[in-house]
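*Asks:* Take a look at this one; I'll ask things after.
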Amino acid sequence: MGVPLIDIRGLTVDFDAGQRVVRALHGVDLAIHGGEAVGLVGESGSGKSVTWLAALGLLGNRARIGGEVLFEGRNLVGAPASDLEAVRGARIAMIFQDPSSSLNPVYRIGQQLAEALQLHRGMSGAAALAEAARLLDRVGIADATRRLRDYPHELSGGMNQRVMIAMALSGQPRILVADEPTTALDATIQAQILELLQEIRRDSAMALVLISHDLGVVAENTDRVCVMYAGRIVEDAPIATIFEAPAHPYTSGLLAALPDLEGPRRRLLAIPGVVPEPWNLPLGCSFAPRCPEFERACEAAVPPAIELVHGHRAACIHARSGSA
Amino acid sequence: MSEPLLQAEGLVRHYRIRHGSRLFSHPATLRAVDGVSFTLQPGRTLGLVGESGCGKTTTARLVLGLLPLTEGEIRLQGETLPQAGSMRWRELRRVMQMVYQDPLAALDRRIAVGRQVMEPLVIHAIGAPAERRDRAMAILQSVGLQAHHFDRYPHELSGGQRQRIVLARALILSPRLLVCDEPISALDVSIQAQVVNLLLDLQAEMGLAYLFISHDLRMVRQVSHEVAVMYLGRIVERGDPDRLFAAPSHPYTQALVSAIPVAHRSGRQRLILKGDPPNPVDVPTGCAFHERCPIAVARCRTETPALRPLADGRHVACHLAPGAADA
Ligand SMILES: Nc1ncnc2c1ncn2[C@@H]1O[C@H](COP(=O)(O)OP(=O)(O)OP(=O)(O)O)[C@@H](O)[C@H]1O
Ligand SMILES: Nc1ncnc2c1ncn2[C@@H]1O[C@H](COP(=O)(O)OP(=O)(O)OP(=O)(O)O)[C@@H](O)[C@H]1O
Ligand SMILES: [Mg+2]
Ligand SMILES: [Mg+2]
């Protein structure tokens, strides 16, 4: 496999919430190789966004980060701000979950793209505008040169998301982290955007991290998936394995809770209970109180991730290869 | 067949709006709902799907009489829906209730949830206080909550529990029709299945009918006896969910179904549409879908297709649908 492009090791995040400190990430291990497409799935609050915000130093000073994020020979955790700025956008680009936070409503999109090109690639003037038009064209916006003069509110939701992708591509990143890039979009527009991300990845050998709560989206667009629960990666496996032989009961539970689109209708198997609050985690395995395979040993300690076969890890004391 | 619970005939809701740039704006008509008809039998579920802005919520509000009709007629248990606010309408409102997407917005955060569940009984002056409390407790139980939830406040409950409270409040008057507008979209995957199972159980126990609105086509298939697909204010295809999702007939339904991400795409080709849905102010002439349709012909630009029956009992509004009987 060679050296990973980015190697996240034991990443922890603690938020300072006044009276108490709340741990949101409990040691995330995640290595991604060049050109790989990795999905990150999990329910709301499981730590998908925080993992990448922490890795890129975007959480602000209310958050304490532990562990290592090794990228191009440096550790990004604790790196000086100037180093992080050089990495962000240029080497690792992120499309943020909340699109309104990223495009400035008072500037034309051409200006915003040109600014990004200036920052990441030192381009200016006519060259920057020409490259901006090329990027818009690349993300499938027709009549790109004229569109450079539009303001974000003059574009539809799907077009704005294309502009966001163009912005992310402006630094020619080696990793693109797309955080729920299609959740706010309609189904047919979502399909357009995901198709575009696939196409870009095929053409550029860029690694893609696709964050989503939708297993289907991840299945169709990545090679490998990491399932997060309560601030930990509980399973990491190739796509086919996740669907055919999930090893963690939470993964199996998620699959059983999804209705099918074809075949006979069956009653959904709901996972009982709710996700624990980060300041009120159960003893041992965080999933234990909801788990159909619970036994006393589950409460004894947090189960470490075990490698079942090469490329398939699961953090469950019952995990065996090819079963759940 | 028993008498339909709900009949909607030719529902139209237009809005007069100002359209265009600020300087040159002119009055225009926005066609939010533009001729929608369906019937719903007691104890059955009609799923309503379609992309943002196609008129699902507007249809739901029209059905409940919360929004005046521009044209058309709604009959509930055979009776034409009286004017909103009238005495008779208030009585009929007991028969039909609505559940919205966001349970937190639907609840008053300052009032304990049990009292909110009892509220409809108070409004309709039903029962003595002690009876109301008993009834609320019973309903809480039937939606899978416990007595100790009665005195909690909305923020002390999880999203799924809040949606159960909203359901309990909608059910306390023993309605026959529940209009559910995106009832599970705000919930986590593992909780969605809990709520959907609950809806199915309540239907089996109480014979409730649902108008179920969702953009999640899998969930819609899971709960519906019939599905209607809307595009720009009209139903473009309607019928049995299994047939409709397995072999969609309208090109828009085909695109919508093929846009659902699945683990294993069994041979079906992905159909990616060009462009965005047009604006309901500038509805294209002819078939409203023709500009994005991969198979449109000249006729589609000029002639609006009517909803016509297929041999398998489905209805489709497309000139090119194979097997559709000419009206
Ligand atoms: N700035 C912050 N301050 C305090 N806690 C935070 C902050 N940002 C996130 N958290 C907490 O960290 C945990 C993980 O949040 P995160 O945003 O990573 O979830 P997520 O998996 O991306 O969820 P979603 O699917 O809703 O986007 C949550 O419990 C959240 O409340
Ligand atoms: N009060 C109003 N005034 C003007 N236009 C309106 C009004 N209410 C709704 N509309 C418009 O009517 C159309 C249909 O809206 P509706 O809310 O019914 O769509 P929807 O299918 O429920 O969409 P979503 O999936 O986003 O909830 C939209 O174009 C909307 O902007
Ligand atoms: Mg997130
Ligand atoms: Mg709506």
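The values are calculated or read from the model by the stated rules, or taken from the named source; none is laboratory data. What you see is a predicted model; the values in this text were computed from it and never measured. Every residue, glycine among them, receives a Cβ derived from its backbone with ideal geometry; neighbour counts consider all protein chains shown.
*Asks:* Could you check how many residues of segment A:154-192 are in the same structural domain as A:Ala31 (by TED's automatic domain parsing) and closer than 17 Å to B:Ala259 by Cα?
*Replies:* Of the residues in that region, 13 qualify.
*Asks:* Please go through segment A:70-83 and pick out each residue that is surrounded by 14 or more Cβ atoms within 10 Å (Cβ to Cβ) and touching a residue at least 24 places away in the same chain (Cβ under 8 Å).
*Replies:* A:Leu70, A:Phe71, A:Val77
*Asks:* Moving to a separate point now. Please enumerate the residues belonging to segment A:179-216 that are facing chain B (nearest Cβ under 10 Å) and within 16 Å of ligand 2 (Cβ to nearest atom).
*Replies:* If the condition is that a residue be facing chain B (nearest Cβ under 10 Å) and within 16 Å of ligand 2 (Cβ to nearest atom), then A:Thr182, A:Ala184, A:Leu185, A:Asp186, A:Ala187, A:Thr188, A:Ile189, A:Gln190 are the ones that fit.
*Asks:* A follow-up question, please. Taking A:Leu30 as the residue in question, decide whether it is more than 14 Å from chain B (Cβ to nearest Cβ), near ligand 1 (Cβ under 9 Å from one of its atoms) and of a type outside the set (Ser, Thr, Tyr).
*Replies:* no
*Asks:* Of all residues in segment A:1-37 being charged (D, E, K, R) and assigned to a strand (DSSP E or B), which is surrounded by the fewest Cβ atoms within 10 Å (Cβ to Cβ)? Outline the logic, then answer.
*Replies:* Let us first name the residues in segment A:1-37 that are charged (D, E, K, R), namely A:7, A:9, A:14, A:16, A:20, A:23, A:29, A:36.
Those still in the list that are assigned to a strand (DSSP E or B) too: A:7, A:9, A:14, A:16, A:20, A:23, A:29.
Details: A:Asp7: 16, A:Arg9: 15, A:Asp14: 16, A:Asp16: 12, A:Arg20: 8, A:Arg23: 17, A:Asp29: 17.
Here the answer is A:Arg20.
*Asks:* Of all residues in segment A:170-193 being assigned to a loop (DSSP other than H, G, I, E, B) and either free of Cβ contacts under 8 Å to residues at least 60 places away in the same chain or on the phi > 0 side of the Ramachandran plot (or both), which is surrounded by the fewest Cβ atoms within 10 Å (Cβ to Cβ)?
*Replies:* A:Gln172
*Asks:* Restricting attention to helices (runs of 4 or more DSSP H) lying wholly within segment B:59-168, give those where 2 or more residues are buried (at least 20 other Cβ atoms within 10 Å of the Cβ). Reasoning before the result, please.
*Replies:* Working: elements: B:87-93, B:103-106, B:113-123, B:129-142.
Counting at least 2 such residues, we get B:113-123, B:129-142.
*Asks:* Now a separate question. Can you confirm whether B:Ala193 is facing chain A (nearest Cβ under 9 Å) and either under 23 Å from A:Ile242 (Cβ atoms) or free of Cβ contacts under 8 Å to residues at least 12 places away in the same chain (or both)?
*Replies:* For B:Ala193, the condition - facing chain A (nearest Cβ under 9 Å) and either under 23 Å from A:Ile242 (Cβ atoms) or free of Cβ contacts under 8 Å to residues at least 12 places away in the same chain (or both) - is met.
*Asks:* Looking at segment A:194-209, can you tell me whether even one residue there is within 16 Å of ligand 3 (Cβ to nearest atom), in contact (Cβ under 8 Å) with a residue 60 or more places away in the chain and under 30 Å from B:Gly50 (Cα atoms)?
*Replies:* Among the residues of segment A:194-209, at least one is within 16 Å of ligand 3 (Cβ to nearest atom), in contact (Cβ under 8 Å) with a residue 60 or more places away in the chain and under 30 Å from B:Gly50 (Cα atoms), which makes the answer yes.
*Asks:* Something else now. Give the residues of segment A:206-251 that are of a type in the set (Ser, Thr, Tyr) and in a loop (DSSP other than H, G, I, E, B), sorted by residue number. Full working, then the answer.
*Replies:* Restricting attention to segment A:206-251, the residues satisfying the condition of being of a type in the set (Ser, Thr, Tyr) are A:212, A:222, A:229, A:241, A:250-251.
Selection gives A:Thr222 alone.
*Asks:* Of the conditions (1) more than 14 Å from chain A (Cβ to nearest Cβ); (2) within 16 Å of ligand 1 (Cβ to nearest atom), B:Leu104 fails just one. Which one is it?
*Replies:* Going through the list (1) more than 14 Å from chain A (Cβ to nearest Cβ); (2) within 16 Å of ligand 1 (Cβ to nearest atom), B:Leu104 breaks only (1).
*Asks:* With the condition kept exactly as written, say whether any residue in segment B:130-137 is in contact (Cβ under 8 Å) with a residue 40 or more places away in the chain and either away from ligand 2 (no atom under 16 Å from the Cβ) or away from chain A (no Cβ under 11 Å) (or both).
*Replies:* Start the filter on segment B:130-137 by keeping residues that are in contact (Cβ under 8 Å) with a residue 40 or more places away in the chain, which leaves none.
No.
*Asks:* Just one of A:Gly42, A:Gly35, A:Gly57, A:Gly67 is within 14 Å of chain B (Cβ to nearest Cβ) and either within 16 Å of ligand 4 (Cβ to nearest atom) or touching a residue at least 24 places away in the same chain (Cβ under 8 Å) (or both); which is it?
*Replies:* Numbers: A:Gly35 fails: within 14 Å of chain B (Cβ to nearest Cβ); A:Gly57 fails: within 14 Å of chain B (Cβ to nearest Cβ); A:Gly67 fails: within 14 Å of chain B (Cβ to nearest Cβ).
The unique qualifying residue is A:Gly42.
*Asks:* Could you check how many residues of segment A:250-268 are facing chain B (nearest Cβ under 7 Å), without any contact (Cβ under 8 Å) to a residue 24 or more places away in the chain and farther than 20 Å from B:Ser214 by Cβ?
*Replies:* So the count comes out to 0.
*Asks:* What's the total number of residues in segment A:226-249 that are crowded, with 19+ Cβ neighbours inside 10 Å, in contact with a helix residue (DSSP H, G or I) (Cβ under 8 Å, 6 or more places away or on another chain) and either polar (S, T, N, Q) or within 12 Å of another protein chain (Cβ to nearest Cβ) (or both)?
*Replies:* So the count comes out to 5.
*Asks:* Go through the residues of segment B:199-212 one by one and say whether even a single one is under 22 Å from A:Thr183 (Cα atoms) and within 12 Å of another protein chain (Cβ to nearest Cβ).
*Replies:* Checking segment B:199-212: not a single residue is under 22 Å from A:Thr183 (Cα atoms) and within 12 Å of another protein chain (Cβ to nearest Cβ).
*Asks:* Under 8 Å by Cβ, and 6 or more places apart or on different chains, what pairs join a residue from segment B:46-61 that is of a type outside the set (Asp, Glu) with one that is within 6 Å of ligand 2 (Cβ to nearest atom) and assigned to a helix (DSSP H, G or I)?
*Replies:* Close Cβ pairs (under 8 Å, with a partner that is within 6 Å of ligand 2 (Cβ to nearest atom) and assigned to a helix (DSSP H, G or I)) amount to B:Leu48/B:Lys56; B:Val49/B:Lys56; B:Gly50/B:Lys56.
Per-residue answers, yes or no, for (1) touching a His at 6+ places or on another chain (Cβ under 9 Å); (2) more than 9 Å from chain A (Cβ to nearest Cβ):
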position: B:Pro183; (1), (2): no, yes
position: B:Tyr231; (1), (2): yes, yes
position: B:Glu237; (1), (2): yes, yes
position: B:His250; (1), (2): no, yes
position: B:Thr253; (1), (2): no, yes
position: B:Ser258; (1), (2): no, no
position: B:Pro278; (1), (2): no, yes
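*Asks:* Now for a separate question. Only one of (1) out of contact with any strand residue (DSSP E or B) (no Cβ under 8 Å at 6 or more places or on another chain); (2) near ligand 1 (Cβ under 7 Å from one of its atoms) fails for A:Lys48. Which number is that?
*Replies:* The failed condition is (1).
*Asks:* If you don't mind, another one. Answer yes if at least one residue in segment B:183-199 is surrounded by fewer than 22 Cβ atoms within 10 Å (Cβ to Cβ) and modelled with pLDDT of 95 or more, and no otherwise.
*Replies:* No, the conditions are met nowhere in segment B:183-199.
*Asks:* Considering each of A:Ser82, A:Ser49 in turn, give the residue that is more than 14 Å from chain B (Cβ to nearest Cβ), in contact with a Phe, Trp or Tyr (Cβ under 9 Å, 6 or more places away or on another chain) and part of a helix (DSSP H, G or I).
*Replies:* A:Ser49
*Asks:* Now for a different question. For segment B:96-123, how many residues are touching a strand residue (DSSP E or B) at 6+ places or on another chain (Cβ under 6 Å) and at pLDDT 90 or above?
*Replies:* 4
*Asks:* Do the conditions hold for A:Gly60, that is, is it modelled with pLDDT under 90, near ligand 1 (Cβ under 9 Å from one of its atoms) and more than 15 Å from the chain's Cα centre (by Cα)?
*Replies:* The answer is yes for A:Gly60.
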